[in-house]
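Here's the structure we're looking at; comments come further down.
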Amino acid sequence: MLEAYDVLVVGAGQAGVQVADSLRKGGFAGTVGIINAEDSLPYERPPLSKAFLRGEAEIDDFLFHNADWYAQHDIDLIAPATVESVDAEGHVAMLEDGQRISWGRLIWAAGGRARKLSLPGAELAGVLSLRTHQDAADLRQRVGTAHRAVIIGGGYIGLEAAAAFATLGLDVTVIEAQDRLLARVTCNAVSDFYLDLHRKHDTTVLLASGIERIVGENGNASGVELLDGTLLPADIVLVGVGLIPNVEPLAAAGATVTNGLEVDECFRTSLPDVFAIGDCVNIAHPFAADSRVRLESVPNANEHGKALAEVLLGVDQAPPSPPWFWSHQFDVKLQTVGLQTGHDDAVIRGDVESGKFSVVYLREGRVIALDCINSVADFAQGKQLVKNGVHASASELADTAVPLKAHLATVKTP
């Protein structure tokens with residue numbers, strides 16, 4: 001007998017669980033199923049590179065809900081299971097084990113997978129990624145006996161892992177192909193701050209560096225060879241070079257894909273009754289310089305889940321909020337709001353050397369984003385500046401004697 005759901009959610013991450021939760025809270029009485037690729041209850045991902053990796057938390061500490069919650073809310077968890085193909089016209093999903101599930105509406109919230117390296121030695125044992133609980137568990141087990149870690153990629157995942165490794169006493173090296181850390185997401189001042197932070201904790205950071213191969217002994221990674229011939233010994237090689245959206249089954253079914261699944265303002269894909277949310281989605285966003293954007297963040301996934309539930313329930317959607325994000329490294333908390341792509345000015349507010357400052361990004365005099373380092377007040381007030389499209393001069397924004405909320409009096413309608 002063909003199993004059937006009124007709403008079938010593919011993906012048990014932040015977006016997938018949030019949309020199911022919001023549907024039930026909104027009074028949806030139809031059947032709901034969530035396909036989970038992992039053999040565990042759905043969980044939050046951010047702690048994997050922080051508290052879990054340091055051995056300060058276990059997966060049960062950051063589950064979204066316990067098993068009873070899903071039963072009480074009449075939400076079926078189908079796990080471990082992976083969708084192999086989708087018959088969009090027939091409204092049927094085919095799983096890898098041969099099971100077929102029909103649906104009234106399909107919500108694709110499958111997120112993404114860690115990008116792999118196409119280098120000699122990339123398949124050696126000890127070359128790891130950090131995306132799933134199993135990834136983090138494998139990594140934590142190796143950390144217990146490791147002395148040296150090489151991290152490939154100077155983005156947030158790589159730097160958070162570097163901070164965790166350094167805290168645990170490992171000799172850490174970060175290799176970044178760009179000429180600065182976090183080059184894709186922030187300005188020079190913030191990049192330099194994090195470079196200095198990690199070096200102060202005895203991490204070696206190599207910028208503008210390329211990799212020739214990963215070397216090994218007896219099937220295990222033992223080092224990384226750079227293009228210039230330098231060999232870096234390693235017990236662990238962690239690869240943090242980005243995420244690939246999990247969209248292949250829908251792409252094969254005919255969905256439009258351009259850096260993720262293209263969806264409209266109601267999260268509809270080009271396939272009938274198929275919606276998509278979260279990290280795998282390319283959507284028009286009012287705070288994006290290029291109109292469309294694919295965002296990888298917990299707040300974005302939560303917002304997508306809530307907004308799609310509103311669409312399916314037939315209630316008015318709340319307008320999108322400015323995207324925001326956070327990162328914890330050592331005793332430093334970064335909070336980002338807005339999207340700095342396309343900025344033409346970056347104003348430093350506060351003293352970088354103090355470890356407490358903000359960068360305000362402007363485009364044509366309008367505040368479009370902020371990076372706030374250990375500056376909770378700037379972040380809270382900066383959200384409103386970005387949301388309201390506030391215009392302000394660089395000199396005014398740099399003056400820490402004037403709180404950012406004072407600039408709300410100068411709001412101009414976008």
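Being farther than 23 Å from Ser327 by Cβ, at pLDDT below 95 and out of contact with any Leu (no Cβ under 9 Å at 6 or more places or on another chain) is a property that holds for Thr410. Screening Lys50 on (1) open to solvent by 10 Å² or more (accessible area, probe 1.4 Å); (2) at pLDDT 95 or above; (3) more than 22 Å from Cys280 (Cβ to Cβ) shows it passes everything except condition (2). For region 294-352, filtering for residues that are in contact with a helix residue (DSSP H, G or I) (Cβ under 6 Å, 6 or more places away or on another chain), open to solvent by less than 50 Å² (accessible area, probe 1.4 Å), closer than 29 Å to Val257 by Cβ and not β-branched (Val, Ile, Thr) leaves 10. State whether one or more residues within region 371-382 are more than 30 Å from Phe165 (Cα to Cα) and in contact (Cβ under 8 Å) with a residue 40 or more places away in the chain. The answer is yes; a qualifying residue exists.
Filtered by the rule that a residue be surrounded by 17 or more Cβ atoms within 10 Å (Cβ to Cβ) and of a type in the set (S, T, N, Q), region 375-394 gives Ser375, Gln381, Gln384, Asn388.
Scanning region 249-283 for residues that are of a type in the set (A, V, I, L, M, F, W, C) and over 18 Å from the mean Cα position of the chain (by Cα) yields Leu250, Ala251, Ala252, Ala253, Ala255, Val257, Val263, Cys266, Phe267, Leu271, Val274, Phe275. With respect to the stated conditions, Val360 fails to be β-branched (Val, Ile, Thr) and either within 21 Å of the chain's Cα centre (by Cα) or more than 21 Å from Asn188 (Cβ to Cβ) (or both). If the condition is being open to solvent by less than 20 Å² (accessible area, probe 1.4 Å) and of a type in the set (A, V, I, L, M), then region 11-29 contributes Ala12, Ala15, Val17, Val19, Ala20, Leu23. Across region 395-404, a minimum of one residue is classified as within 26 Å of Asp196 (Cβ to Cβ), open to solvent by less than 10 Å² (accessible area, probe 1.4 Å) and in contact (Cβ under 8 Å) with a residue 24 or more places away in the chain.
Contact map, region 96-113: residues that are at positive phi paired with residues that are part of a loop (DSSP other than H, G, I, E, B) and not acidic (Asp, Glu), Cβ distance under 7 Å, separation 6+ or inter-chain. Pairs shown: Gly111/Gly11; Gly111/Gly13; Gly111/Asn246.
The values are calculated or read from the model by the stated rules, or taken from the named source; none is laboratory data. These numbers were taken from a predicted model, which means no experiment stands behind them. Backbone-built Cβ (ideal geometry, glycine too); neighbour counts: all protein chains shown. SASA here: full protein model, heavy atoms, side chains in, ligands and nucleic acids out. Shrake-Rupley method; radii C 1.70, N 1.55, O 1.52, S 1.80 Å.
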